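I have placed the structure first, in the form of structure tokens, so that the comments after it can refer back to it.
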């Protein structure tokens, strides 16, 4: 079973960036002290913090050296997406794909009905499994 990195909303945004960089993630769930999903941080959320420097390689990840110092000190809560759209472990593939499509996302948190964070489902994994089944 894959261990999914997550973060709490009071942590500094630079910590979220470092986790995403180290773990090669484009999506980081934000949970409270009881593991209840509160929102998420994505690379797209972090793009807003990038200072413009010609010839800076972005390479698919937002690096801490292209973030203004004042922004690096912001909390996760200040930057996170609070629209915590998730699916349940009992949802079928059609339901998951509908949620992804209607919210224009490729990664979704999986929670219990009470909001307890369990993991994530990614479009890339769905495609991979569908392709293997079709062989």
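Here are the numbers:
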quantity: For 128, 40, 75, order by how many other beta-carbon atoms lie within 10 Å, fewest first; calculated: 128, 75, 40
quantity: For segment 20-35 and segment 88-120, distance of Cα centres in Å; calculated: 16
quantity: Residue 128 versus residue 73: modelled label distance in nm, points set 7 Å from Cα along the beta carbon direction; calculated: 4.0
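Values in this text are rule-based calculations from the coordinates and carry no lab data. Worth saying up front: this structure is predicted, and the values here are computed from it rather than measured. Cβ atoms come from the backbone with ideal geometry, glycine included; neighbour counts cover every protein chain shown.
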